[in-house]
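Undergrad: Right, I'll just put the structure down here and ask away after.
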Amino acid sequence: SGLGLGQSSHPLLGAAVSLPDSDTVLLTGRLSVQTHPWLAEHRVAGTILVPGTALIELAIHAGDQAGYGTLQELAIEAPLVLPEQGAVVLRVTVDESTQVVSIYSRPADGDASWTRHAHGTVSAQVTGVPTDLTVWPPAGGESLDVDGLYDVLADAGLGYGSVFQGVRAAWRAGDEVFAEVELPDGTGVTGFGLHPALFDAALHAIALGGVVDTAGSGPWLPFAWSGVNLYATDASVLRVRLTPAGIGAVSVLASDAAGAPVLSVESLVLRPLESARLSPVQDALFGLEWAEVATASIWDGDWTTVDDDFDGRVPAVVVVPSLVDSAVGVVRSAREAVAAALALVQRWVGEDRFGESLLVFLTAGSGPADAAVQGLVRSAQTENPGRFVLLDLGAAPVTSELLGVALGSGEPELVLRDGRWLAPRLVRVVASPVSVPADGTVLITGGTGALGALLARHLVVEHGLRSLVLTSRRGLDAPGAEGLVAELSALGAVVRVAACDVSDREAVAGLLGGIADLRGVVHTAGVLDDGLVTSLSSERLGVVFGPKVDAAYYLHELTVGRDLDMFVVFSSAAGVLGSGGQGNYAAANSFLDELIRQRNAVGLVGTSLAWGLWEQADGMGGDVHRAGVAGLTETDGLRLFDAGWVQGGLVVPMRLDLAALRRTPGEIPHLFRSLVRVSGRRAARRTAGGWVERLLAMPSGDRAEIVLTLVRTAVAEVLDYAGP
């Protein structure tokens, strides 16, 4: 009420809003496993899914607010998935004139579009009270064994925690099934019409058979409801009767412990749910698009191309032509170009006389070597804001006019195409996972490492893959390798661990030559050697480039003629975002991203998964640490692999906390501006002059402490500490 909203008085909804000049009633809410932990006990194929009975509960409550007591019908259009971290916000609307009820959600931490999960109608028509269930147990009923019911449901992909495991007894009489269900002691029911966990448990006896034929692919879940009436509230125990109501349908009658009616459903149609629809792509899978940007401001200053001598005054802008030598091999040209770019970057940040000048790197956008330079510079930009710009003019020569427009935009990276200035922006990817090919052999480089082994288990257990070749430098002598082989072999897979240095072309050729039925390649191998750009060297570039760049290129080059279903490289968001302290790693992964783009351009399969942070400490994907980026659980990561690899091109699986990005001091990074809307307004100054002028105006005895606090605060922000 303090915010001008009406109180909802429902445990799943926070507020009610009456809209002026409209017949619509709007209810809002916010759901997460932190605020509603019992929801985490309802899982389908391992994913937290808000039960369909909760959507019924929301629709009935919304109808009550509009004066309609009967839920005439409700179709569930999309599953409502809850993330392991974060929340979703709800919108439930009822149009009093049309009697239409709709339920929507979207992630709480961004500006994503709304997903409609359910749509139906409410009615004021009061149906007759059904017969009661006072005779209990049912006369002539055959007792059914319910001890293994939840094991059966778990095998079908339906995982229920204790609050949902409510079936206590069951009987069959003719073609009907009866059940007694109960909530655990202490489960709060106040505010609910019918607690969704109790209502859901009332449907579990369907799995005992005889009511609905649920054979075939599953799991089976509620799809369409009709004629839903609630007669009593605050129930914690139910007597339930389930009656066949057509193909794949059942009618439901539930009463309280005395047999008096609590709820009836004329018809509930069930359908098998494809696990693909449970993908977390709605809030953790991103792509890169090039968006046209306004170029109203024009920079007007002196500039020159790079010169080793720079005698006298350094101009405001120095332009570096493409450093790539196309006359040498792709791998060598990438190493040499990045080494040359590194030398320039180190000179620019290391010599005081360049402190006011801007270094603009021109790239041709035509190959992995240029992309590697871009990755290095993006990290340098993160470490040294305002000192470097990436510019791709295509075939156009650099001129004062073009340079002026580009720099006037304020964008750290721009390309010019067909007269339009384009800047990179992250956008959400909506995708449905597909199965990995189960026939043939899949090669996983780094297959005995943390992520490689995790992926190998996933492909065998979840996708039925039966032939794997895993590489590591030490082969079976690698830590955990023998145990992994034994584990996967026990699951029916044929697994070979090959000792192979994948940065050696001849070794890779020999490895591939020994896999006659190769159908897929997943390149997870990689090495970290983190350090600020000022501390990097050609040798440290080589440490990272060998297992990442060289290996990826040799795998690409040596499989061009093979009939592959998948060619996936594990890249890093460091190359896309720019990650401070990881210039060499960002360069290597940007090479991979462009290599995949070139494969796609000539009709070859390929996906670069530019992973964000993983929660596991030793995961190669867990290398992007910045405000607004949260860790992926192993479960999330594997589902994102399933959803992402089939997309082709560059895909960024990453858990973003967009609310944290909004709270971060300063401007929203340009790359996120399609995800986080900004007004473009700046904060007004409270005093004239800059920080130095204000410092000079303070008593001299206070200045040292003020400067110390400033430095500690800035360093704490860079290190992502809670405070100075």
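The values are calculated or read from the model by the stated rules, or taken from the named source; none is laboratory data. On a predicted model such as this, the values are computed, not experimentally measured, just so you know. Virtual Cβ from ideal backbone geometry, glycine too; neighbours counted across all protein chains shown. What goes into the accessible areas is simple: the full protein's heavy atoms, side chains included, and nothing from ligands, DNA or RNA. Shrake-Rupley method; radii C 1.70, N 1.55, O 1.52, S 1.80 Å.
Undergrad: Tell me, what is the per residue accessible area of region 508-561 in Å², probe radius 1.4 Å?
TA: 35 Å²
Undergrad: With both bridge residues required to lie in the chain, what share of the DSSP beta bridges run antiparallel, to the nearest 5%? Before the final figure, lay out the partial values.
TA: Numbers: 96 of 138 bridges.
Just about 70 percent of them are antiparallel.
Undergrad: If you don't mind, there's one more thing I want to ask. Tell me the label-point distance for the pair VAL17, ARG271, using the 7 Å Cα-to-Cβ offset, in nm and rounded to one decimal.
TA: 3.0 nm
Undergrad: Sticking with this one: Could you tell me the calculated FRET efficiency between LEU402 and VAL715, based on Cβ-Cβ distance and R0 = 56 angstrom, to the nearest 0.05?
TA: Working: r = 38 Å, r/R0 = 0.68.
After rounding to 0.05, the efficiency reads 0.90.
Undergrad: How do 668-675, 251-258, 288-295 rank on mean C-beta neighbours within 10 Å, highest first?
TA: Working: 668-675: 18.1, 251-258: 19.9, 288-295: 13.6.
Descending mean neighbour count gives 251-258, 668-675, 288-295.
Undergrad: While we're on this one: Between ARG417 and SER366, what is the spin-label point distance in nm, taking each point 7 Å from the Cα along the Cα→C-beta axis?
TA: 1.7 nm
Undergrad: Just to check I understand the Karplus step: with θ = phi - 60° and J = 6.51 cos²θ - 1.76 cosθ + 1.60, what whole-Hz values come out for region 365-375, glycine and proline as x?
TA: 3J(HN,Hα) across region 365-375, in whole Hz: x, 10, x, x, 5, 4, 4, 5, 4, 4, x.
Undergrad: For region 252-266, just list the computed ³J(HN,Hα) in residue order, Karplus coefficients 6.51, -1.76 and 1.60, θ = phi - 60°, integers in Hz, with x standing in for Gly and Pro.
TA: Along region 252-266, the couplings run 10, 10, 10, 10, 7, 5, 9, x, 6, x, 10, 7, 9, 10, 5 Hz.
Undergrad: Turning to a different aspect of this structure: Which shape class applies to region 470-527: rounded if a/c is under 1.5, otherwise prolate when a/b exceeds b/c and oblate if not, where a ≥ b ≥ c are the square roots of the Cα gyration tensor eigenvalues? Present the calculation step by step, with values, prior to reporting the outcome.
TA: Numbers: a/c = 2.04, a/b = 1.31, b/c = 1.56.
Verdict is oblate for region 470-527.
Undergrad: Rg to Rh ratio, region 359-419, alpha-carbon atoms and Kirkwood radius? Display every interim value, and only then the final one.
TA: Numbers: Rg = 11.3 Å, Rh = 11.9 Å.
Rg/Rh for region 359-419 comes to 0.95.
Undergrad: Could you pull out every residue, at least 5 positions away or on a different chain, whose amide H is within less than 5 Å of the one on ASP109? Hs are placed 1.01 Å off N in the peptide plane, and Pro or chain starts have none.
TA: Amide H neighbours of ASP109: ALA87.
Undergrad: When the helices in the chain are scored as -39500 (n - 2.57) per DSSP H run of 4 or longer and the sum is shared across all residues, what 222 nm value do you end up with, to the nearest 500 deg cm²/dmol? Intermediate values should be presented prior to the final figure.
TA: Numbers: 18 runs with 195 residues, N = 724.
About -8000 deg cm²/dmol.
Undergrad: If I fit a long axis through the Cα atoms of helix 481-490 and take the longest principal axis of the Cα atoms of the chain, what angle between them do I get, 0 to 90°, rounded to 10?
TA: 30 degrees
Undergrad: Take peptides 132-138, 45-51 and line them up by average Cβ neighbours within 10 Å, highest first, as a rough protection proxy.
TA: 45-51, 132-138
Undergrad: While we're here: Where Rh is the Kirkwood radius over the Cα pairs of region 382-492, the temperature 20 °C and the viscosity 1.002 mPa s, what D in µm²/s does Stokes-Einstein return?
TA: Working: Rh = 18.5 Å.
Answer from the Stokes-Einstein relation: 116 µm²/s.
Undergrad: Students often check this: by mean Cβ neighbours within 10 Å, which of 417-427, 81-91, 577-587, 34-44 ranks highest, and how do the rest follow?
TA: Peptide ranking by packing, descending: 577-587, 81-91, 34-44, 417-427.
Undergrad: Could you run the Karplus curve 6.51 cos²θ - 1.76 cosθ + 1.60 with θ = phi - 60° over region 641-650 and give me ³J(HN,Hα) per residue in whole Hz, x for Gly and Pro?
TA: Each residue of region 641-650 in turn: 4, 4, 6, x, 5, 6, 5, x, x, 8 Hz.
Undergrad: Another question, then. How large are Rg and Dmax for the chain when calculated on the C-alpha trace, in angstrom?
TA: Considering the chain through its Cα atoms, Rg and Dmax are 30.3, 104 Å.
Undergrad: Further question: For the chain, with the dipole built from +1 on Lys and Arg beta-carbon atoms and -1 on Asp and Glu ones, taken about the Cα centre, which of VAL442, THR47, VAL676 lies farthest toward the positive end?
TA: VAL676
Undergrad: What is the calculated FRET efficiency for VAL189 to HIS463, with r their C-beta to C-beta distance and R₀ = 45 Å, to the nearest 0.05?
TA: 0.65
Undergrad: Right, another one. Rank ALA62, GLN598, ALA154 by how far each Cα sits towards the positive end of the charge dipole of the chain (+1 on Lys, Arg Cβ; -1 on Asp, Glu Cβ) and give me just the farthest.
TA: Among ALA62, GLN598, ALA154, the one farthest towards the positive end of the dipole of the chain is GLN598.
Undergrad: Carbon and sulfur: what percent of the chain's accessible surface (1.4 Å probe)? Please list the in-between numbers first.
TA: Working: 15660 of 30730 Å².
Roughly 51 percent, rounded to a whole number.
Undergrad: Given R₀ = 41 Å, what would the calculated FRET efficiency be for ALA294 paired with GLN598, taking r from the Cβ atoms and rounding to 0.05? All intermediate terms of the calculation are to be shown ahead of the outcome.
TA: Details: r = 31 Å, r/R0 = 0.75.
For ALA294 and GLN598, the calculated efficiency is 0.85.
Undergrad: Calculate the dipole size of region 1-91 relative to its Cα centre from +1 charges on Lys and Arg beta carbons and -1 charges on Asp and Glu beta carbons; express the result in debye to the nearest 20.
TA: On the way: 3 positive and 8 negative charges, 54 e Å.
The calculated dipole for region 1-91 is roughly 260 debye.
Undergrad: Okay, next question. Please report, in cubic angstrom per residue, the volume enclosed by the convex hull of the alpha-carbon atoms of region 147-225.
TA: Values: hull volume 8.9 nm³, N = 79.
Once divided by residue count, the hull of region 147-225 is 113 Å³.
Undergrad: Let me ask something additional. Please work out whether region 108-198 counts as rounded, prolate or oblate from its C-alpha gyration tensor, where a ≥ b ≥ c are the square roots of the eigenvalues and a/c under 1.5 means rounded, while otherwise a/b larger than b/c means prolate and anything else oblate?
TA: Details: a/c = 2.02, a/b = 1.35, b/c = 1.49.
Note, shape of region 108-198 comes out oblate.
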